[in-house]
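Presented below is the structure to which this report refers.
All of the numbers you see were taken from the coordinates with simple rules; none came from a lab. These figures come from a predicted structure and were not determined experimentally.
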Amino acid sequence: GINAEYGTSILRAFAFMSVISNTLLFAFTSDQMRHFFPFLYDVKTGEIESGDGRFVVSIAFSIEHILLAVVAILYWRIPSVPKKVYDCLLYTSDAADEEDSVDLGGRRII
């Protein structure tokens, strides 16, 4: 089986990869870039104007890195173990160290 830490690492990798792939899809295959940045596209054909491809790539690169930063900040700020669970684990760990019994809502761990 997959342990929790390994599974979390896989999910984080998928989150970062999805930001990258979705940004590339947004930049190069959707009409959204034409709507947000019409000055980079030829009005008649809808294609990127000659010489403006670097701007499209720069915009996609910037959006991608901003979203990656947001994902990293969210992973940093949101704990993987909720505080109540962490406190309970800490309490049971301390009780086990002191060789005390622990009462967890009607179940007694000795």
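Here are the numbers for this structure:
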{"quantity": "5 angstrom amide H check on Tyr41, placed H, neighbours 5+ away", "calculated": "Glu49"}
{"quantity": "For the range 1-55, diffusion coefficient by Stokes-Einstein and Kirkwood Rh (Cα), 20 °C, 1.002 mPa s, µm²/s", "calculated": "158"}
{"quantity": "The range 20-85 - Rg over Rh from alpha carbon coordinates, Kirkwood radius", "calculated": "1.23"}
